[in-house]
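What follows is a short report on a single structure.
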Amino acid sequence: MTALLEVSDLKVRFESDNAIVHAVNGINLTVDMGKAVAIVGESGSGKSTVMMAVMRLLHGNARVEGKVLLEGTDLLQLPEKAMQKVRGKDIAMIFQNPSAYLNPTKTIGQQMIEPLLYHHLASAAKAREKAVELLDRVGIPDPEQRLNNYPFELSGGQLQRVMIGMALMADPKLLIADEPTTALDVTVQAEVLILLKRLQRERGMGMVFITHDLAVAAQVADEIYVMYGGLVMEHLAARDLVTGHVHPYLCGLIRSIPRIDGPRADLPYIPGQPVQTAGGLPPGCVFADRCDRRFDRCAERPPLMEVGPGHRASCWLVEAGVAK
Ligand SMILES: Nc1ncnc2c1ncn2[C@@H]1O[C@H](COP(=O)(O)OP(=O)(O)O)[C@@H](O)[C@H]1O
Ligand SMILES: [Mg+2]
């Protein structure tokens, strides 16, 4: 069966006057129809760059290599005009800060309806009907009235709900959500996550959910990809995250999740700084200099090795049979 999205050996470099940033260094990622995949990692690990490359929205200083197959078609080879159709119909994106992506001078209704008209996906009447229905689905009271509101008239949580509704207008096959709840209060965040998960399941959409928060990833996703230095360190089922993970990087991240009942003073963390990808990756394992389990073998870069079905990790401890 063809996957909905299949990213293979994706590499992205940013070229500037004084340095080349090796942001993404050979990523493989698959999203099946109806499945939710989370990409997790510290800030700067290359999460957003992967999905911006998929959408072909990176700036001109980006050099992209690899394949991005959407139902078998390589998006990286499409003419820009065809790509615009993909962005208007097949793949929708939502971001951390909805107010940055909404036009302050247009009503919510205009912004929900116009893209459908532009891409000839519905009549004006049908598009309006759909906007009302979707605002209702995402929990906006009085949807008919809200269509006439401007973005500044809604709260942050409501705006993120509107963005979700807007993203669903064209019935996308794939929804990409980049830290969509990071800017929200904790309680609102939980509500929005539950809503997203429910809509994704009901509609059988694929979803890629980007977050720096492991707990959020475990809550929304079926599968988790853990990124570091533009590489996948571990790929596993969300249900195996806490008890089944093997990579020392993931061990460190999980240890550093604050526990509500734990001693505040002893919060563990991963010592050292995230690997710098400006000027190229260090030789060997990219996590080695922060790893408390490194050994001779780590001077060579480990490939992703199979730990079990649907579970892979880039760590020589797997080969040595002593992971975890
Ligand atoms: N336009 C750009 N020019 C140069 N470097 C960039 C650009 N965009 C991102 N980067 C760099 O690429 C790396 C990955 O960034 P990003 O994908 O935004 O990480 P994340 O989303 O995981 O926080 C970072 O080192 C970042 O500084
Ligand atoms: Mg990001």
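The values are calculated or read from the model by the stated rules, or taken from the named source; none is laboratory data. Not measured: the values here are computed from a predicted model. Here the Cβ is made from the backbone with ideal geometry for all residues, glycine too, and neighbour counts use every protein chain on show. Side chains included, ligands, DNA and RNA excluded: accessible areas come from the protein's heavy atoms. Shrake-Rupley method; radii C 1.70, N 1.55, O 1.52, S 1.80 Å.
Which of the GluC sites (Glu not before Pro) across the stretch 271-324 are loop residues per DSSP, with 15 or fewer other Cβ within 10 Å?
Answer by residue number: Glu300.
Once you sort the root eigenvalues of the Cα gyration tensor of the stretch 163-229 as a ≥ b ≥ c, which label holds: rounded (a/c under 1.5), prolate (a/b larger than b/c) or oblate (the other case)?
Verdict is oblate for the stretch 163-229.
Determine the share of the chain's accessible area contributed by carbon and sulfur atoms, expressed in whole percent, with a 1.4 angstrom probe.
Heavy-atom surface of the chain belonging to carbon and sulfur, 1.4 Å probe: 52 percent.
How far, in nm, would the chain grow between Thr187 and Phe152 when pulled straight, counting 0.36 nm per residue and subtracting the alpha carbon separation?
That works out to 10.5 nm of additional length.
Could you tell me how many degrees, from 0 to 90 and to the nearest 10, lie between the Cα long axis of helix 108-118 and the main elongation axis, the longest principal axis, of the Cα atoms of the chain?
90 degrees
May I ask you to give the solvent-accessible area per residue for the stretch 46-159, in square angstrom, as obtained with a 1.4 angstrom probe?
Solvent-accessible surface per residue comes out at 52 Å².
Points 7 angstrom from Cα along the Cβ direction at Ile254 and Asn61: gap in nanometres?
3.8 nm
Is the stretch 54-136 rounded, prolate or oblate when judged by the Cα gyration tensor, a ≥ b ≥ c being the square roots of its eigenvalues, rounded requiring a/c under 1.5 and prolate requiring a/b larger than b/c?
Note, shape of the stretch 54-136 comes out prolate.
If the elastic network links every pair of Cα atoms under 10 Å, which of His235, His119, His22 fluctuates the most in the Gaussian network model of the chain?
Highest fluctuation among the options: His119.
What number, rounded to the nearest 500 deg cm²/dmol, is the helix-based mean residue ellipticity at 222 nm of the chain, given -39500 (n - 2.57) per DSSP H run of at least four residues and division by all its residues?
Calculated at 222 nm, the ellipticity per residue is -8500 deg cm²/dmol.
Once phi is turned into θ = phi - 60°, what whole-Hz ³J(HN,Hα) does the Karplus curve with 6.51, -1.76 and 1.60 give for every residue of the stretch 69-85, x standing for Gly and Pro?
Residue by residue, the stretch 69-85 yields 8, 9, 6, x, 9, 7, 5, 5, 9, 6, x, 4, 4, 5, 5, 4, 5 Hz.
Name the most mobile residue of Lys35, Lys197, Lys126, meaning the one with the largest mean-square fluctuation, in a Gaussian network model of the chain with Cα contacts below 10 Å.
Among Lys35, Lys197, Lys126, the largest mean-square fluctuation in the Gaussian network model of the chain belongs to Lys126.
Grab the Cα-Cα distance for His119 and Glu133, subtract it from 0.36 nm times how many residues apart they are, and report the gain in nm with one decimal.
That works out to 3.1 nm of additional length.
If the chain between Lys106 and Asp32 were fully stretched, how many nm would it gain, using 0.36 nm times the residue separation less the Cα-Cα distance?
23.1 nm
In square angstrom, what is the accessible area per residue of the stretch 195-324 with a 1.4 angstrom probe?
It amounts to 51 Å² per residue over the stretch 195-324.
Pop out the ³J(HN,Hα) list for the stretch 242-248 in order, Karplus 6.51 cos²θ - 1.76 cosθ + 1.60 with θ = phi - 60°, rounded to Hz; leave Gly and Pro as x.
7, 9, x, 5, 10, 6, x
Would you look at the GNM of the chain, springs on alpha carbons closer than 10 Å, and say which of Gly60, Gly156, Gly34 moves the most?
For the chain, modelled as a Gaussian network with Cα springs under 10 Å, the answer is Gly60.
Between Ala82 and Glu300, what is the label-point separation in nm under the 7 Å Cα-to-beta-carbon projection?
Spacing of the two 7 Å Cα→Cβ label points: 4.1 nm.
Label points 7 Å out from Cα along the Cβ direction at Arg201 and Ser43: separation in nm?
Reported label-point gap for Arg201 and Ser43 is 3.3 nm.
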